[in-house]
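Below is one structure, written out as structure tokens, with a few remarks after it.
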Amino acid sequence: MVIVGSGFGGLFAAKALRGAKADVTLISGTTYHLFEPLLYQVASGILSEGEVAPPIREILKGRRDLDVRLGWVTDVDAKAKTVLVSSPDGRDRTVPYDSLIVAAGAQNSYFGNEHFAEHAPSLKNIDDALELRSRIFHAFEMADLEEDAEARRRWLTFVLIGAGPTGVEMAGQIAELAHRALRGQYRHADLSQAQIILIDAVDRVLPAFDPSLSAKARKQLTKMGVDVRLNTRVVDVDATGVEVKTAEGGERIEANTKIWAAGVAAPTLATRIAASTGVETDRAGRIRVGPDLTVPGYPEIFVVGDMAASDLPGVAQVAMQGGRYAAKTVKRRLAGKPEGKPFKYFDKGNMATISRFHAVADLGKLHFGGILGWLLWLVIHLFYLIGFKNKVTTLMHWTVSFLGRGRSERISTVQQINARTALNRLDR
Ligand SMILES: Cc1cc2nc3c(=O)[nH]c(=O)nc-3n(C[C@H](O)[C@H](O)[C@H](O)COP(=O)(O)OP(=O)(O)OC[C@H]3O[C@@H](n4cnc5c(N)ncnc54)[C@H](O)[C@@H]3O)c2cc1C
């Protein structure tokens with residue numbers, strides 16, 4: 001039994017396989033399980049990376065049936081029933097399987113504008129979060145040093161592209177940093193002058209939420225000083241700004257810090273699986289699985305979570321329930337039981353925070369905003385965060401940041417400050 005990925009789908013599949021009469025190998029490119037919903041808090045200095053990314057070996061310790069292997073699965077040979085793993089020791093290894101659960105998630109998509117990535121990094125993994133954290137805090141430092149008013153304004157202008165949960169949460173956090181948390185710490189730069197601009201091509205923020213919650217979120221963002229620009233398309237991004245287009249015409253916004261939160265696509269592994277099995281993919285490259293989450297014609301290959309194409313949203317619950325379902329199907333087969341019912345997703349709702357004490361929660365017919373939404377968000381995220389130790393330290397950091405004004409995680413190393421640019425320079 002091989003599982004690919006240590007994210008939500010992979011971890012919950014591995015957990016559900018406990019007690020199965022099987023040798024399980026979990027292969028992941030990262031040594032940790034990343035709790036992506038709190039990644040924005042790493043990027044904004046509230047939490048440390050360790051709090052949202054506990055080691056997968058520690059979570060699954062004590063499982064004698066389970067072997068954790070570090071490496072990237074680069075190919076699947078569906079006929080030979082093997083996966084090819086590229087390992088950090090430089091070797092390629094072939095691992096055979098009887099059943100395979102692929103939960104390799106998604107990656108960011110710049111919709112063909114790959115050159116945007118250099119100037120507008122996205123938020124998908126720990127490296128991204130640390131890079132963004134460095135860029136954001138460094139921007140305040142540069143604004144404090146800068147003597148030219150125009151150049152200082154560029155350092156104090158932050159552009160968020162995409163008004164889904166990540167864009168909204170990051171915009172809220174940067175507004176909190178500029179207008180509350182860092183207030184009074186800079187002698188030369190006036191942080192109250194910071195401009196936080198949230199841009200989306202659609203006509204409301206949080207489009208996956210109920211319209212009443214989108215309206216609430218927008219109102220709160222505006223109250224916090226975020227400039228929300230909807231029906232606006234970003235058509236170019238460079239080092240010092242973005243070009244936008246609306247129905248009325250084009251405009252340039254001068255800003256040194258840009259964050260991309262606009263789209264996802266399947267990882268390259270999906271293309272390899274499609275090539276090996278002939279399975280269809282959707283426009284984002286995700287695999288079209290059958291009702292039992294298997295690849296048509298290959299009942300032993302399951303694809304779950306963000307990498308599977310379906311009508312379901314790309315959220316953690318879909319991956320968790322999909323991983324659990326696939327594991328249970330394998331268990332049934334091993335026990336010689338007939339196949340179970342098709343996968344059915346139980347929607348537990350959607351949540352997004354806007355600022356401290358403000359969140360929106362869309363729980364089917366029940367909609368919550370403001371402090372009630374935020375309290376729900378707090379309890380649910382603490383509940384799902386993996387590991388007792390992480391829950392305790394996260395709660396401590398939240399107390400410091402939400403009741404007080406502290407941001408405990410503001411350190412940036414030289415490498416992080418200059419991010420990709422520094423790495424490129426070192427290469428030369
Ligand atoms: C910033 C951000 C905020 C989010 N906020 C929310 C939220 O508030 N609520 C919510 O429900 N959802 C949220 N999501 C979405 C949610 O995190 C995803 O839907 C969920 O993580 C999908 O789970 P997954 O198992 O499919 O993939 P992931 O959790 O992304 O896991 C993929 C795993 O596969 C590994 N991997 C990838 N490729 C390979 C390979 N080739 N070989 C080996 N290993 C590989 C990765 O290292 C990783 O361990 C957010 C996502 C992001 C990026």
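Looking at the range 12-22, can you tell me whether even one residue there is outside the structural domain of SER122 (by TED's automatic domain parsing), surrounded by fewer than 23 Cβ atoms within 10 Å (Cβ to Cβ) and among the aromatic types (Phe, Trp, Tyr)? Steps first, answer last, please.
So in the range 12-22, the residues outside the structural domain of SER122 (by TED's automatic domain parsing) come out as 12-22.
Then drop every residue that is not surrounded by fewer than 23 Cβ atoms within 10 Å (Cβ to Cβ), which leaves 15-16, 18-22.
After this cut, where a residue has to be among the aromatic types (Phe, Trp, Tyr) as well, the list is none.
No - not one qualifying residue is present in the range 12-22.
Could you look through the range 15-30, keep only residues that are more than 14 Å from ASP98 (Cα to Cα) and within 11 Å of the ligand (Cβ to nearest atom), and pick out the one that is farthest from the chain's Cα centre (by Cα)?
Filtering first and then ranking leaves ILE27.
Report the residue count in the range 73-95 for those that are of a type outside the set (D, E, K, R), within 13 Å of the ligand (Cβ to nearest atom) and touching a residue at least 40 places away in the same chain (Cβ under 8 Å). Break it down into steps so the answer makes sense when it comes.
Kept after step one, since they are of a type outside the set (D, E, K, R), are these residues of the range 73-95: 73-74, 76, 78, 80, 82-88, 90, 94-95.
Within this subset, residues satisfying the condition of being within 13 Å of the ligand (Cβ to nearest atom) are 73-74, 76, 83-88, 95.
Applying the additional criterion that residues be touching a residue at least 40 places away in the same chain (Cβ under 8 Å) yields 73-74, 76, 83, 85, 95.
Matching residues across the range 73-95 total 6.
Which numbered condition in (1) surrounded by fewer than 24 Cβ atoms within 10 Å (Cβ to Cβ); (2) part of a loop (DSSP other than H, G, I, E, B) is the only one that HIS179 fails?
(2)
Among the candidates ALA178, ALA163, single out the residue that is under 25 Å from ASP236 (Cβ atoms), more than 12 Å from the ligand (Cβ to nearest atom) and not charged (D, E, K, R).
Of the residues listed, the single one that is under 25 Å from ASP236 (Cβ atoms), more than 12 Å from the ligand (Cβ to nearest atom) and not charged (D, E, K, R) is ALA163.
If a residue must be within 16 Å of the ligand (Cβ to nearest atom) and of a type outside the set (Phe, Trp, Tyr), how many such residues does the range 332-355 contain?
Residues that pass the stated criteria total 9.
Which ones in the range 362-385 are part of a strand (DSSP E or B) and either in contact (Cβ under 8 Å) with a residue 60 or more places away in the chain or touching a Ser or Thr at 6+ places or on another chain (Cβ under 6 Å) (or both)? Steps first, please.
In the first step, residues of the range 362-385 are kept if they are part of a strand (DSSP E or B); the result is 362-363, 366-368.
ASP362, HIS367, listed by residue number.
Report the residue count in the range 109-148 for those that are within 16 Å of the ligand (Cβ to nearest atom), buried (at least 20 other Cβ atoms within 10 Å of the Cβ) and among the hydroxyl-bearing types (Ser, Thr, Tyr).
Number satisfying all stated conditions: 1.
Residue by residue through the range 278-311, note down the ones that are more than 19 Å from ALA13 (Cα to Cα) and either away from the ligand (no atom under 16 Å from the Cβ) or not assigned by TED's automatic domain parsing to the domain that holds LYS328 (or both).
Within the range 278-311, GLY278, VAL279, GLU280, ARG283, PRO296, GLY297 qualify.
Out of (1) assigned to a helix (DSSP H, G or I); (2) at pLDDT 95 or above, what's the single condition that is false for VAL159?
Result: VAL159 fails condition (1) only.
The values are calculated or read from the model by the stated rules, or taken from the named source; none is laboratory data. It should be emphasised that the depicted structure is a prediction, and the values quoted were computed from it without experimental measurement. No Cβ is skipped: glycine too gets one built from the backbone with ideal geometry, and neighbour counts run over all protein chains shown.
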